[in-house]
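The values are calculated or read from the model by the stated rules, or taken from the named source; none is laboratory data. Predicted, not measured: the structure shown is a model, and the values here were computed from it. Here the Cβ positions follow ideal geometry from the backbone for every residue, glycine too, while neighbour counts run over all protein chains shown.
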Amino acid sequence: MFSFFKKKLFSSPPPDAPQVSESAPTPTLTPEPARLPTTQVTSATAPAALDAPAAPAPERQSWLAKLKAGLRKTGSSITTVFTGTRIDDQLYEDLESALLMADTGVKATQYLLDDLKRRVKDSKTTEPSAVKALLAQGLTELLTPLQKPLQIGAHHPTIIMVVGVNGAGKTTSIGKLTHHLANHGASVLLAAADTFRAAAREQLVVWADRNTVEIISQEGGDPAAVCFDAVSAGKARGKDVVLVDTAGRLPTQLHLMEELRKIKRVVQKADHTGPHEVLLVIDGNTGQNALAQVRAFDDALGLTGLIVTKLDGTAKGGVLAAIARERPVPVYFIGVGEKLEELETFNAREFAQALLD
């Protein structure tokens, strides 16, 4: 199987994209490009041990610098708490306020405070500056259950259904994920099942062209039918991944949420083992609203993973702690920009250090 917790080597996509033809209402199947070489990985890569982090590769270090810059608004409000000279009740009160303002949530905030007080007592720490390192340790342990690699290869094809509200960066994330998968040797077929939003199909066609992959689409067609045809085509062509784009909607739009359930049922008819992954794209700027979205979509569809976008410039990066405490759905990827390569695997230690450095 493919394991995407490993180091990633990004490269520019080939300049000559395949011609994508479309028609309505019959799904259009484009000519298959040359298969990318596949990498066989027999087991999942385990999360890095907390006491023995490996040195990140140069490209990872560059990305981590962007993550740190993106989380600066959140981190600065927390780290200023540790600039005093005493460890007292006021320090913990100020830290509680800072964590709540960062949308860490009541449950996660209380957990982190209790854990921090225990660590301070056990280590006999007397300097406020040293307390920050203890908080980073506690935050890392809280977030570690979210650290899980996306694995491709147990099913052929692996069917990934991507959902989210409008504006969260869903279609852009699909483009980045396609790039990521292709760079790891996986052949990808896109399904343009977002027939609800104007120009959504055209936007996905652009991403398909940039990544030199095939796409199945209909103009104004039924999204479930597009998914059925895409899964069937993916199986017939021996694709490694079928990546399904769906229409964005709010969890309160019950008729549209029911359409997502229908898509999932149709995928199961086309392949009784699928969908193998149901990924929710959430906007890191939305704070506690992101947690509410995780709850709603998980209850409706049974989420297997998250992609967290727009962490550059947010003051609400603490929401991952709230998710870890209240609805620990794995975070497969986080993004800090619009470029193809600005989507990286989530690492609990790296995130905690970037937040509190």
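Applying the condition of being in a helix (DSSP H, G or I) and among the β-branched types (Val, Ile, Thr) to the stretch 211-264 and asking which residue is modelled with the highest pLDDT yields Val231.
The set of residues in the stretch 95-109 being without any contact (Cβ under 8 Å) to a residue 12 or more places away in the chain and more than 19 Å from Gly284 (Cβ to Cβ) consists of Ser97, Val106.
Close contacts from the stretch 124-150, counting a first residue that is closer than 16 Å to Leu99 by Cβ and not assigned by TED's automatic domain parsing to the domain that holds Val329 and a second that is of a type in the set (Ser, Thr, Tyr) and buried (at least 16 other Cβ atoms within 10 Å of the Cβ), with Cβ to Cβ under 9 Å and a gap of 6+ residues or different chains, come to Val131/Thr125; Lys132/Thr79; Leu134/Thr125; Gly138/Tyr111; Leu142/Tyr111.
I'd like the full set of residues that are touching a helix residue (DSSP H, G or I) at 6+ places or on another chain (Cβ under 9 Å), part of a helix (DSSP H, G or I) and at pLDDT below 80, limited to the stretch 31-86. Arg60, Gly70, Thr74 - these are the residues of the stretch 31-86 that are touching a helix residue (DSSP H, G or I) at 6+ places or on another chain (Cβ under 9 Å), part of a helix (DSSP H, G or I) and at pLDDT below 80. With the structure loaded, tell me whether Ile174 is in contact (Cβ under 8 Å) with a residue 24 or more places away in the chain and in a strand (DSSP E or B) or whether it fails that test. For Ile174, the condition - in contact (Cβ under 8 Å) with a residue 24 or more places away in the chain and in a strand (DSSP E or B) - is not met. In the stretch 181-193, what residues are in contact (Cβ under 8 Å) with a residue 60 or more places away in the chain and either surrounded by 24 or more Cβ atoms within 10 Å (Cβ to Cβ) or out of contact with any Lys or Arg (no Cβ under 8 Å at 6 or more places or on another chain) (or both)? Once the filter is applied, which keeps residues that are in contact (Cβ under 8 Å) with a residue 60 or more places away in the chain and either surrounded by 24 or more Cβ atoms within 10 Å (Cβ to Cβ) or out of contact with any Lys or Arg (no Cβ under 8 Å at 6 or more places or on another chain) (or both), the stretch 181-193 yields Leu181, Ala182, Gly185, Ala186, Ala193.
Residues are listed down the side, and each one gets a yes or a no for (1) touching a helix residue (DSSP H, G or I) at 6+ places or on another chain (Cβ under 8 Å); (2) under 30 Å from Leu256 (Cα atoms):
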position	(1), (2)
Gly153	no, no
His156	yes, yes
Met161	yes, yes
Asn166	no, yes
Thr178	yes, yes
Ala182	yes, no
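Scanning the stretch 273-312 for residues that are small (Gly, Ala, Ser), part of a loop (DSSP other than H, G, I, E, B) and buried (at least 22 other Cβ atoms within 10 Å of the Cβ) turns up just one, Gly274.
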